[in-house]
Amino acid sequence: MSLELLVGASSVLIALCALFTAIWQAIQSRKHNKISFRPHLASWSHSKENQGIFAVDLMNNGLGPALIKNFVIKVDGKRIPGNGTEPIEKALKVLFPNERYQAEFEFLGKNHAMPAQDKCRVMAIKFLDDQCPSTEKFEETLDKADLEIEYESFYGEQFFFSTQDERPN
């Protein structure tokens, strides 16, 4: 084998190794970027029981924006129809039919981009009677409801959030 053939074959081998290394690095970089921009929705409720105030918040505590595709409220497994905040209002009437309260609502519309670390107060309720429910009773009643959200990352990864999945068994 001539020296020229050996040098040429070595050059081709080195070029192929460099090409495969560049491709591998690009694949790993894309995987890293997808993880770096992954959204993660979570909810929590909190109260000021002595004031009769209860609230439910939704937060994107992931690293990337959550593109909302669907926002559904269910009570006892049945979807509550309506547009905008109407399903939340109807759900509260079903959950607290004999209570007097004032409430504020927010919802995330289709194609809303919820930035990382952003928070949305889905519902805040202030009971008007002196006999407002305890935190335990409120949580027990709220467990009958479910907020379901389908969302995506900017990379098109699809995710599903449900408040029922967050509750302890």
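A few remarks follow.
- Listed values (i) 54, 14, 12; (ii) 35, 16, 12; (iii) 24, 20, 16, entry calculated as semi-axes √(5λ) of the Cα gyration tensor in Å: (i)
- In terms of its C-alpha gyration tensor, segment 1-101 comes out prolate, because a/c is 1.5 or above and the ratio a/b outweighs b/c.
- CD proxy at 222 nm, helix term only [per DSSP H run n ≥ 4: -39500 (n - 2.57); per residue of the chain; nearest 500]: -10500 deg cm²/dmol
- Kyte-Doolittle at least -0.5, axis length at least 30 Å by Cα - qualifying DSSP helices, the chain: 3-36
- GNM flexibility winner over the chain from 43, 153, 11 (Cα, springs under 10 Å): 11
- Taking a straight Cα-Cα cut-off under 20 Å and skipping sequence neighbours fewer than 8 places away in the same chain, the lysines within cross-link reach of residue 126 are 48, 90, 93, 137, 144.
- The mean sequence distance of close C-alpha pairs (under 8 Å, at least 6 residues apart), as a share of the length of segment 37-166, puts its relative contact order at 34 percent.
- Neighbour cut-off at most 14 other Cβ (10 Å), DSSP loop, chymotrypsin sites (Phe, Trp or Tyr not before Pro), segment 74-169: 155
- Candidates 74, 90, 48: whichever shows maximal mean-square fluctuation once the chain is modelled as a Gaussian network with Cα springs under 10 Å: 48
- Considering every alpha-carbon pair of segment 103-150, the percent of pairs per 5 Å bin, from zero through the bin containing the longest distance, is 5, 13, 20, 25, 15, 12, 8, 3, 0.
Bear in mind that the values in this text are calculations on the coordinates, not laboratory data. All of these numbers come straight from a predicted model, not from anything done at the bench. Positions of Cβ are backbone-derived with ideal geometry, glycine not excepted, and every protein chain shown enters the neighbour counts.
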